[in-house]
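Trainee: Okay, here's the structure, questions in a sec.
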Amino acid sequence: MNIKSFLFSFRPHASQTSFTEKFRSGLAGGVAILLLTLALHYLVQAGFPLFIVASMAASATLLYATPHSPLAQPWNLVGGHLVSALAGLICGWLIPEPSLAAGAAVGAAILSMELLSCLHPPSAATALLMVLVNSQFHDLGWGWALGIVAANAGISLALALVINNLLPGRRYPMHALHMATPSRPVPPVSLEQPDFEWALKQMDSVIDVSEEDLAEIYRLALVRARTRTESTVP
């Protein structure tokens, strides 16, 4: 990579999303956090204070700005926060030095989410929170700490299910799509960068992958398909 290409790699990726959709995302995220805060305030406290976990703000960004991202789906949201909270509590309990505990908690959270297929980046902040306020959680018990995270994640999921499905052009959660096999041969088509840009504009939603990556995925898929086809030809 030459110096010019290196410097250009720092430029922002152009978004094909309309201003209306961007406004919807911001409004939906703000309303969701407001409702989450109110819900936690009016829920039965059961002797323990409930509060909003700061990492839910980052989750709201994913849920309402990129609702179709694999990282924003229900299992990623709830599973990611819970497994990360548990990783933070364990690391805070086993490692007395805060800096080491913080690093171990975030690393363990990422590994656990990867292994359980519930990667949700904001959840790493939940693991860190468990370490930073470790003494409070030990005083009130791990059950209370996990309960707070579960309440935050559960209410956030309920709000995402309602709000996202009320907004036009969105469906949440995303369902796995099965590509149908063409019934008849189609002529070969070569996709170019403007084709991807046009398609993204039609979707009018933030896609958690760059146009360049989409083009590379398409190229690699063509290579794989061509290789498979050639291997089956006698």
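Trainee: Pairs needed: first member in the range 4-27, in a helix (DSSP H, G or I); second member anywhere, surrounded by 10 or more Cβ atoms within 10 Å (Cβ to Cβ); C-beta distance under 6 Å; at least 6 residues apart or different chains.
Mentor: GLU21/ASP204; ARG24/LEU167; SER25/TYR64; SER25/ALA65
Trainee: GLY92 - would you say it is over 30 Å from GLY169 (Cα atoms), in the same structural domain as LEU157 (by TED's automatic domain parsing) and surrounded by 15 or more Cβ atoms within 10 Å (Cβ to Cβ)?
Mentor: On the way: over 30 Å from GLY169 (Cα atoms): yes; in the same structural domain as LEU157 (by TED's automatic domain parsing): yes; surrounded by 15 or more Cβ atoms within 10 Å (Cβ to Cβ): yes.
Yes: the conditions hold for GLY92.
Trainee: Which members of the range 109-120 meet the condition of being buried (at least 16 other Cβ atoms within 10 Å of the Cβ) and either touching a Gly at 6+ places or on another chain (Cβ under 8 Å) or modelled with pLDDT under 95 (or both)? Full working, then the answer.
Mentor: First pass over the range 109-120, keeping only residues buried (at least 16 other Cβ atoms within 10 Å of the Cβ): 109-110, 112-113, 118-120.
Matches in the range 109-120: ALA109, MET113, CYS118, LEU119, HIS120.
Trainee: Separate question: Scan the range 97-108 and tell me whether some residue there is among the charged types (D, E, K, R), over 19 Å from the mean Cα position of the chain (by Cα) and at pLDDT 85 or above.
Mentor: As a first pass, look at the range 97-108 and keep what is among the charged types (D, E, K, R): 97.
Now drop any that are not over 19 Å from the mean Cα position of the chain (by Cα), which leaves 97.
Filter again for at pLDDT 85 or above, leaving 97.
Yes.
The values are calculated or read from the model by the stated rules, or taken from the named source; none is laboratory data. Quantities reported herein were computed from a predicted structural model and do not represent experimental measurements. Positions of Cβ are backbone-derived with ideal geometry, glycine not excepted, and every protein chain shown enters the neighbour counts.
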